[in-house]
Amino acid sequence: SMRGARCAAGLLDNESIIQAKNFVVGEPTEVDGAITPMRGHKGRFLANFTVSAPEAGHVSNTHQNALMEACRIVHEMERYGRVMTYGSAKDGEAQIFDPPYSTVQVSAGDVKKGDCSTAPNKASFTVDMRTLPFAHQFRVDGITDLIKTHHMHHGETVELETLKNGEGSLTSAR
């Protein structure tokens, strides 16, 4: 948490505790064996998406299955994640980040358990994306569009709940 640094700098509706123009806060970060002050943080987009298939039923009736449709979305996100790596080696500002590109991961969520003879009518997953600060909104728009505009094959629906949407920061190297 950056609360201590914000408090010391007087950014939490309090008087500044530190009177110096610059100060170092937090854990030291090591880059190539040398302690280095961090001058950037990736943004974070965290959201849940839930696919609903109201007509899901017996497994022999394959016309709706929330888990199968959710897995198609996860597969598209994996492809989107690979696209985010292109061009990063040429971007000087991105090189201070490890890895030097935005990333996206999907965590397993809640899927029906128990009765194996019926297809699940709901499947939820969590998306965790870490974005370069200068590409945050572009990447968030890309992933939310991917989820919201996904072509459902048999009338399934998808809901997206944003849990966190914070842009990163980048300061000059001086």
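The values are calculated or read from the model by the stated rules, or taken from the named source; none is laboratory data. All of these numbers come straight from a predicted model, not from anything done at the bench. Using ideal geometry, Cβ is built from the backbone for each residue, glycine included, and neighbour counts are taken over all protein chains shown. Ligands, DNA and RNA are stripped out before the accessible areas are found, and what is left, the full protein with its side chains, is counted by its heavy atoms. Shrake-Rupley method; radii C 1.70, N 1.55, O 1.52, S 1.80 Å.
Calculate the spin-label point distance for H153 paired with T118, positioning each point 7 Å from the Cα along the beta-carbon direction, and give it in nanometres.
With each label placed 7 Å out from Cα toward Cβ, I get 2.1 nm.
Based on the mean of other Cβ atoms within 10 Å per residue, sort peptides 148-161, 5-18 so the most packed one is first.
Going from most to least packed, we get 148-161, 5-18.
Sorted by accessible area (1.4 Å probe), largest first, how do Y80, Y101, Y86 line up?
Y86, Y101, Y80
Between Q95 and A8, what is the label-to-label distance in nm when each label sits 7 Å out along the Cα-to-Cβ direction?
Placing both labels 7 Å along Cα→Cβ, they lie 2.9 nm apart.
With r as the distance between the Cβ atoms of T85 and M38 and R0 = 22 Å, compute the FRET efficiency 1/(1 + (r/R0)^6) and round to 0.05.
The pair M38/T85 has a calculated efficiency of 0.50.
Residues with beta-carbon under 9 Å from that of Q105, excluding Q105: net charge, scoring Lys, Arg +1 and Asp, Glu -1?
That sum, taken over residues with Cβ under 9 Å, equals 0.
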